[in-house]
Every structure is written in structure tokens, then in C-alpha cells.
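The structure appears right after this line, and notes come after that.
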Amino acid sequence: MSAFAEFDRERQEIDNLVGLGYNVAGIYEDLDGARVTFIRREPAGGPVELLLLTADARKHVTTLLVGGSRQAAAEIHR
């Protein structure tokens, strides 16, 4: 599988979880990749963990996490 195809598959998994209402609850990185834990508050669901192997997918998660933090901060200051 090409590097882009692997990234695209991981990105789609991330985007599907976010689309279902999951949020990033934790990120643990080691030499095997990044284990990202997602949780959904409403309706409550169990945690889902993804192992991300590509650097681009890790960047995508970080971008979503930082973007969500900025959006939440903007709503607080309204």
C-alpha cells in the first residue's frame, strides 16, 4: 500500500469517528505509532482506540484537537 493510501485510510477512520460525535480523549505515542483514544459523550459509548502509523494521520488528529480547543475557547469568550 502506498504511503498516501495508508494515510488516507487512517484519515477516513478518524473523520468517521469525529462525524459520529467522538472526541479525542487521549494520545499515547511510542515507537509503534500513536494510539489515539476517542470517546463519545452523547449518546454515551465506550472508548474507541486507533493505532495511527503515519505521521500525516498524527498531524491530522493534532490539527483536529487544536482546532477544537480554539473553537471552544472562542465560544467561552463570546
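Details
- Based on DSSP H segments of at least four residues, each scored -39500 (n - 2.57), the chain has a per-residue ellipticity at 222 nm of -17000 deg cm²/dmol.
- Over the chain, the Kirkwood radius and the radius of gyration, each from Cα atoms, give a ratio Rg/Rh of 1.01.
- Relative contact order for the stretch 3-73, counting Cα pairs under 8 Å that sit 6 or more residues apart, in percent: 26
- For the pair E49 and E6, a Förster radius of 30 Å applied to the C-beta separation gives a FRET efficiency near 0.95, rounded to the nearest 0.05.
- What the phi angles of the stretch 38-55 give under the Karplus curve with 6.51, -1.76 and 1.60, with θ = phi - 60°, is a coupling list of 10, 10, 10, 7, 10, x, 4, x, x, x, 10, 10, 10, 9, 9, 9, 9, 5 Hz, glycine and proline written as x.
All of the numbers you see were taken from the coordinates with simple rules; none came from a lab. The model shown is predicted, which means the values in this text are computed figures rather than measured ones. We place every Cβ from the backbone using ideal geometry, glycine too, and count neighbours over all the protein chains shown.
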